[in-house]
1. Any idea what the alpha-carbon Rg over 2.2 N^0.38 Å comes to for chain A?
2. Picking from A:Q78, A:I170, A:T143, whose Cα lies most toward the positive end of the charge dipole for region A:2-226 (charges on Cβ: Lys, Arg +1; Asp, Glu -1)?
3. For B:H68, what residues show an amide H to amide H distance below 5 Å, using hydrogens built from the backbone and excluding near sequence neighbours?
4. So for B:M118, B:M151, A:M107, fewest C-beta neighbours within 10 Å to most, what's the order?
5. Relative to 2.2 N^0.38 Å, what does the C-alpha radius of gyration of chain B come to as a ratio? Two decimals please.
6. Rounded to whole Å and sorted largest first, list the principal axis extents of the Cα atoms in region B:1-110.
7. From the P(r) of the protein assembly as shown, could you give the percentage of C-alpha pairs in the tail past 45 Å?
8. Are there any trypsin sites (Lys or Arg not before Pro) in region A:170-215 that are in a DSSP loop and have at most 11 other Cβ atoms within 10 Å? List them by number.
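The numbers here are math on the coordinates, done by the rules we state, and not lab data. Predicted model only: the values in this text are computed from it and were never measured. Cβ placement follows ideal geometry from the backbone for every residue including glycine, while neighbour counts extend to all protein chains displayed.
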Amino acid sequence: MLKIIVCIKAVPEYVDRVAVLQGQNKVKYETTGLFMNESDEYAVEQAVALKKQHGGEIAIITMGPLASQDALYKGLAQGADKAIRIDADIADPNSISEVLAMALRGMEYDLILTGVESRDNMASQVGISVAVRLGIPFAYAVTQVSHGEGQKFVRIVKELGGGITQVMEISVPALLCIQSGAVARTYISSQKILKARSRQIESISLEDLGLRKEEGMKLVDIFLPKEKHQVKFIQGQPKEAAAELIQKIRKGL
Amino acid sequence: MLGGDILVLPEIRKGELDSTAFGLLTKGRELADQLGVRLVALLVGSRLDGLIQSLSHAGANTILVADHLTLADYNPETYFNLISKVIDDLKPGFLLLGYTYWGMELGPALAQRSGSYMISNCVDLEIEDPFVRAVRPMFAGSYQARIESQMQRPYVVSFQKGALPTPKVISGAAEVMQVPVEIEEASLRSKVVEIVEPTEGEVDITKAEIIVAVGRGIGEEANIPMIKELADALGGSIACSRPVSDLGWLPKAYHVGISGKTVAPRKYIACAISGSGQHVAGMEASEMIIAINKDAKAPIFSVAHYGIVGDIFEIVPELTRQAKLSQKVQEQSE
């Protein structure tokens, strides 16, 4: 029996008409909807795989606006038993970790899983920061998790970069940031998602947690990245464009 | 409030300095000069004499050394405890590290433990007392945001590899000081079983002069041979971004990026690769980067020299056809 909590985030896939919403410290954008962040989806898959082996219970939790519920329904369809949404819209990773840690303190867990980096804010801070707030051991960029029956630890493989990996044993409770690709993703039928949409999502507010929105940084502006080299776009039909490119590729070799 | 030294944490992986180490020290030197404080580097590991030597003229006033056999293998918990203690004693104003897996693991932990505010994944940092301003990517790198903070020091700041300045050699040598190392192994909750180096695949893509790399935009595994054919026609190697090897469409040995191989071929042709920071860090040193992507706003175009906005399924077969043709012409003329 393992009690697993997975922290997930709902993020936009493609964004358009991006601008800073002055006075609210957030980015406004147009998008087609919010989806579960990629590595978080692998974290849920990892939780489901562990539950299959050892039995247990999976709760998924997110902090975000109402539209984030879609990501929670996806998680329920993947196999989570319970979903919780903290109703708040905060961009500062430090504040997000404070809110999540406060909610997690009231819950039971052997493992807390998160992803490695969110597609929208790209800070890679929240998971590890939550672990330190809760005073539990942590590991980042985890690609394998195994747990022996009755053991007080998990055995993990994690990436160190450059293809080097590290095998560790970490006592539970622990927090693991799961890397994309850790376990194969299972296909979730739209029927399953539809069914999940009838399930209950628990909603809690910052007030319930005794917190209020506070952020340590101000969003000043948002813009397209400066080009490293002035990229030269090659125009024309595929045939002409390809001819020009082949020339560039062959030149100087 | 000003004050507090700048502390740099160079990453050591398998006994070698990560390539961010020198750039971080150069950036740290710039900031230390601006603020009128000292630059301190902390090296943690075992048998560090050679590394101390190579960092002695990299910009630090002082190199703190935590050299102990038990620190030979990186264990996040022991490193976290030890560095936290150094931060408690030194009370730096800023702690700088690389946005590498090491920095992503240790940075937020150290920031949380020392009550610092962390700004991660930076491509630029400016200090204009009392403001700290940083530029960092958002939305998978399609945009960059400028943020401003005026929190109590210290700050923990992690930098993207490609955003660091070119390393400079400084004439004065750094003083070297040992840090006492006490590790209570009994209280540790994390144990390193082993560190595994990558097994070399049949090919070594780092040696290729031409790389044709493919991203998730390829759609399905059945389309990979189309890219392989272009690589073959150009006499180069195929490579891929992380999602493609995660899906098992190409072996991990072909994966370019922070977690895979770092390459710098003469020509790098990125097909349907959006260009996340993770991928770009592994290929931005390539001599010429050519990007083909249907999304004109894909971040890959910001590192590319040449770009085609279009459908790879139209352009790649045409490139292959012409590459084969020009190869024939070359052979005939020889």
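1. On the way: Rg = 21.0 Å, N = 253, 2.2 N^0.38 = 18.0 Å.
For chain A, the normalised Cα radius of gyration is 1.16.
2. A:Q78
3. Hits under the 5 Å cutoff: B:G45, B:S46, B:R47.
4. On the way: B:M118 29, B:M151 16, A:M107 13.
In increasing order of surrounding Cβ atoms, one gets A:M107, B:M151, B:M118.
5. Working: Rg = 22.4 Å, N = 334, 2.2 N^0.38 = 20.0 Å.
For chain B, the normalised Cα radius of gyration is 1.12.
6. The Cα atoms of region B:1-110 stretch 36, 27, 23 Å along the principal axes, largest first.
7. On the way: 26929 of 171991 pairs.
Tail of the P(r) past 45 Å holds 16 percent of the pairs.
8. Details: sites: A:R185, A:K192, A:K195, A:R197, A:R199, A:R212, A:K213; in loops: A:R185, A:R197, A:R199, A:R212, A:K213.
Counting only loop positions with at most 11 other Cβ atoms within 10 Å, the trypsin sites (Lys or Arg not before Pro) in region A:170-215 are A:R212.
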